[in-house]
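What follows is one structure encoded as structure tokens, with my remarks underneath.
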Amino acid sequence: MKFETPRILPSDITSRDLFLDRRRVLRYAAAGAAFGALGAGVSGRALAATIAAPGAKLAYTPNAALSIKDPPNSYEDITTYNNFYEFGTDKSDPAVQARDFKPLPWKVTVDGEAEVKGSFDFEDILRPLSLEERIYRLRCVEAWSMVIPWTGFPLAELIKRFKPTSKAKYVEFTTLMSPRQMPGQRSPVLRWPYVEGLRMDEAMHPLTFIAVGVYGQMLPNQNGAPLRLVVPWKYGFKSIKSIVRIRFTELQPKNSWQVAAPSEYGFFANVNPSVDHPRWSQATERRIGGSLLAKRAATLPFNGYAEQVASLYKGMDLRRNF
Ligand code: MTE
């Protein structure tokens with residue numbers, strides 16, 4: 001969409017600052033109107049009306065067609081064995097260190113190559129959407145996996161509302177930067193804030209999901225409240241948590257793990273049993289929650305979604321584009 005030029009004459013205003021400020025307000029108001037006008041799902045609207053601390057119950061529809069049949073991990077496994085380096089590097093750290101994190105109120109800034117840009121409240125993001133539940137396996141690069149019942153919505157539904165331009169080839173996501181609330185950001189473990197990215201066709205794929213809950217409840221802080229990405233055919237590090245910025249770009253974004261260790265982590269990060277991590281094998285995986293002595297399962301190409309997504313990478317050398 002095209003924004004209407006605000007009808008403000010320079011003579012209406014007293015200062016340049018005020019002028020710029022009013023223009024900004026009008027632009028955001030126009031973006032907000034366009035953004036809110038599409039669709040009207042019940043669950044998103046109901047949730048938006050009562051918005052809702054971590055743990056609050058969500059209304060959603062199970063999406064059996066896009067769910068795997070494996071039994072999900074327990075709520076306890078899912079919320080106490082986490083990777084969220086902003087809250088510490090041990091798996092048990094985030095559940096403890098994220099306890100006082102305040103995920104609401106929350107704003108997401110949208111910028112870059114899109115017609116609708118601005119700063120949007122979490123409530124406004126959810127209002128027109130219907131929530132669904134999808135059971136996906138999260139396969140970590142550390143060669144373990146978990147099965148998680150996520151509640152959320154397809155990323156494509158959100159992206160369409162921002163109307164990316166023809167120059168938008170990639171989407172970049174950024175996590176909140178707040179060393180006061182996120183003690184891990186006080187150490188240079190990674191270059192903060194955490195950044196991830198997807199190619200536009202990956203982002204628009206029907207499997208790509210924004211989660212706002214697990215087990216039908218608002219996301220616990222340690223799982224990326226209030227909203228995080230879930231890309232089921234990629235290693236878990238692509239599934240960035242607590243997103244505050246979505247930027248449409250022409251050039252491939254630099255994701256945090258690739259910046260930190262380019263020989264170990266690439267941009268694509270598709271689950272691939274035949275490309276090992278330089279320091280360990282990716283051929284098998286261990287399901288969290290089972291016995292340590294249990295037999296490891298063979299890792300599936302694209303985490304079991306080859307049929308749906310392999311065509312996105314046709315002609316690409318997946319050993320080089322790891
Ligand atoms: N997002 C941010 N901002 N910071 C992180 O450290 N870790 C990633 C991903 N998203 C991470 C992140 C990794 S390595 C994994 S495996 C998943 O989150 C883990 O998600 P979970 O803790 O909800 O299972």
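The values are calculated or read from the model by the stated rules, or taken from the named source; none is laboratory data. Just so you know, these numbers come straight off a predicted model, no measurement behind them. Virtual Cβ from ideal backbone geometry, glycine too; neighbours counted across all protein chains shown.
Per the listing Met218, Met204, Met200, the residue uniquely in contact (Cβ under 8 Å) with a residue 12 or more places away in the chain and within 15 Å of the ligand (Cβ to nearest atom) is Met218. Of all residues in the range 232-267, those satisfying the criterion of being part of a helix (DSSP H, G or I) and in contact (Cβ under 8 Å) with a residue 60 or more places away in the chain are Gly236, Phe237, Ser256, Trp257, Val259, Ala260.
Filtered by the rule that a residue be surrounded by fewer than 13 Cβ atoms within 10 Å (Cβ to Cβ) and farther than 20 Å from Ser178 by Cα, the range 71-104 gives Pro71, Glu76, Ser92.
Within the range 180-226, the only residue that satisfies the criterion of being closer than 23 Å to Lys167 by Cβ and of a type in the set (Lys, Arg) is Arg199.
Quick one: is Ser242 near the ligand (Cβ under 9 Å from one of its atoms) and at pLDDT 95 or above?
yes
On inspection, Thr151 fails the criterion of being within 11 Å of the ligand (Cβ to nearest atom), among the hydroxyl-bearing types (Ser, Thr, Tyr) and assigned by TED's automatic domain parsing to the domain that holds Lys238.
Criterion first (over 13 Å from the mean Cα position of the chain (by Cα), farther than 23 Å from Phe122 by Cα and modelled with pLDDT of 95 or more) does Phe268 satisfy it?
yes
The set of residues from the range 285-322 being outside any loop (DSSP other than H, G, I, E, B), under 26 Å from the mean Cα position of the chain (by Cα) and within 19 Å of Pro71 (Cα to Cα) comprises Glu285, Arg286, Arg287, Asn303, Gly304.
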